[in-house]
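The values are calculated or read from the model by the stated rules, or taken from the named source; none is laboratory data. Everything quoted here is computed from the prediction, not taken from an experiment. Reconstructed Cβ throughout: ideal geometry from the backbone, glycine too, with neighbour counts over all protein chains shown.
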Amino acid sequence: MKKNILCMISALAVMLSFWGCGSPRNLKKDDRLKVVATVFAEYDFLRQIGGDAINLSMLMLPGADIHTFDPTPKDMKTVQDADMFVTVGGESDAWADTIIESVDNEGLECVRLMDLVDQVVEEEIVEGMEVQDHDDEEHQEDADGHGDEDAGSHEEEKEFDEHVWTSPQNAMQIVERLCDKLSRLDEKNAGLYQNNAERYLKKLEKLDQKFTKVVSSSKRREIVVADRFPFRYFADAYGLKYYAAYPGCSTQTGASVETIAFLIDKVKEDKIPVVFHMELSSELMCNTICDETGAKKAQLNAVHNISKRNFDRGIGYLELMEKNVDVLREALQGQ
C-alpha cells in the first residue's frame, strides 16, 4: 500500500500543477468550513454538529471496507483543500498519515478520534479467537531484504483498539470535542455548532440509558459474534462478556475449523439464542454456526461504514445503534 500511496503522491503533484493554473468561471464560491472525514462514524458526528454550515465529505465510499481502502489522487486533493481532516488514528486508516505528510496545507487541522476519548485500550485476544499469523509477512520482508531490520518488532508493538465510537459514552466525548474544534476554527458559527451538539448529546445520552437498561435487566451478559469484534469499547461500557472469531482490526476472512467449532460449542453450552455478524461483512460463518445450533442470526452494527442505500436515506449512528438495542435485548433476554 505504501508504494501505491507514493505513486499517488506523485500523481497528485502533477494534478495540483494543472488545477492551480485556473478555475472555472461562474462558479459560486463556497466559504463554508471544509471538513473531510475518513469513515462514516466521524462523518455522521460532524454532520450532526455542523449541518449545512460546513462543507463535509467522506473519503471512504458507502459500502466499502476501510481495511482494504486505498486513497486516490482525488482523495488527496480533497484533503489538500480542507480546513479540517478527521481520521480514526489507528491501523485501518494509517494511510491518512501519509496523506497528511504529503499535502501542502499548513493550516490543516488534523484530528484523530482516538485522541478525543479519555482512554484507549489494547486489542484483546479472547478464548477461541483466531489470531493473525505474521509469518508470511516476515518471510516476505526477508525476501525484500528488510526482515532483519524489523526482527522482533511484532512482539513489542502494541495494537490499540481503534473503534472508540462503538461506545455511546465515548461518542458523547467525541461529539463534545469535535464541536470545540469546529467552534474554534469557525467562530461565527460557534453558537450553531454548540446548539446542534447539545441536542445530539441528549439523544446519545438516551441511547446509553437504553443499553444500560437492556443489560441490567437481562439474565445473561454474554454475546457471540461470528465475525471480527470491533465492539471492545461497547462491551466494556456495559460489562458484557464476548466470544468472537477475530480481533477488531483483523483482515482475515476465513476462520479455522477449530475457531468455528469452538463458537458452535460455546453457543450450545451457554444456550446463546442469537449469533451476531457485522454489517457489510460475509455472513457465511454466522450461517454455519446458526445452522449447527439453531440460534438466530442478527446484525450488530459497528458503524464503521454504511450501505449506499442507507447512506442515501440519511440513516446515521443513532438509527444504527437503536437497532443494536433491539437485537442485543433479544440476545441477552431470549430463551
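If ILE264 satisfies every condition in (1) in a helix (DSSP H, G or I); (2) closer than 13 Å to VAL225 by Cβ; (3) β-branched (Val, Ile, Thr); (4) without any contact (Cβ under 8 Å) to a residue 60 or more places away in the chain but one, which is the exception? It is condition (2) that ILE264 fails.
Taken over segment 31-66, the residue count meeting the criterion of being under 28 Å from SER250 (Cα atoms), touching an Asp or Glu at 6+ places or on another chain (Cβ under 9 Å) and assigned to a helix (DSSP H, G or I) is 1. Within segment 54-67, the only residue that satisfies the criterion of being in contact (Cβ under 8 Å) with a residue 40 or more places away in the chain and either under 10 Å from VAL35 (Cβ atoms) or of a type in the set (S, T, N, Q) (or both) is ILE54. For segment 81-133, filtering for residues that are free of Cβ contacts under 8 Å to residues at least 12 places away in the same chain and part of a loop (DSSP other than H, G, I, E, B) leaves 4. Scanning segment 300-335 for residues that are in contact (Cβ under 8 Å) with a residue 24 or more places away in the chain and assigned to a loop (DSSP other than H, G, I, E, B) yields LEU300, ALA302, VAL303, HIS304, ASN305, ILE306, SER307, GLY316, GLY334, GLN335. Yes or no: segment 205-225 includes at least one residue that is assigned by TED's automatic domain parsing to the domain that holds GLU279 and touching a Pro at 6+ places or on another chain (Cβ under 8 Å). Checking segment 205-225: not a single residue is assigned by TED's automatic domain parsing to the domain that holds GLU279 and touching a Pro at 6+ places or on another chain (Cβ under 8 Å).
The set of residues from segment 281-311 being surrounded by 19 or more Cβ atoms within 10 Å (Cβ to Cβ) and of a type outside the set (A, V, I, L, M) comprises CYS286, CYS290, THR293, ASN301, HIS304, ASN305. Scanning segment 245-294 for residues that are closer than 24 Å to VAL121 by Cβ and charged (D, E, K, R) turns up LYS266, GLU279.
In segment 188-206, the residue that is surrounded by the most Cβ atoms within 10 Å (Cβ to Cβ) out of those that are among the aliphatic types (A, V, I, L, M) and more than 19 Å from ALA41 (Cβ to Cβ) is LEU192. Is it the case that LEU113 is modelled with pLDDT of 95 or more, in the same structural domain as GLN169 (by TED's automatic domain parsing) and at negative phi? Criteria met by LEU113. Looking only at residues in segment 34-53 that are in contact with a strand residue (DSSP E or B) (Cβ under 7 Å, 6 or more places away or on another chain) and surrounded by fewer than 22 Cβ atoms within 10 Å (Cβ to Cβ), the one that is nearest to ARG199 (Cα to Cα) is ARG47. Among the residues making up segment 267-299, those that are of a type in the set (Gly, Ala, Ser) and modelled with pLDDT under 95 are SER281, SER282. Every condition in (1) at pLDDT below 95; (2) in the same structural domain as VAL36 (by TED's automatic domain parsing) is met by ALA151 except one, and the failing one is (2). The residue that is nearest to the chain's Cα centre (by Cα), counting only those in segment 246-261 that are part of a loop (DSSP other than H, G, I, E, B) and β-branched (Val, Ile, Thr), is THR251. Being within 16 Å of ILE223 (Cα to Cα) and in contact with a Lys or Arg (Cβ under 9 Å, 6 or more places away or on another chain) is a description that does not apply to ALA237. If you go through segment 223-261 and pick out every residue that is without any contact (Cβ under 8 Å) to a residue 60 or more places away in the chain, touching an Asp or Glu at 6+ places or on another chain (Cβ under 8 Å) and surrounded by fewer than 17 Cβ atoms within 10 Å (Cβ to Cβ), you end up with 1.
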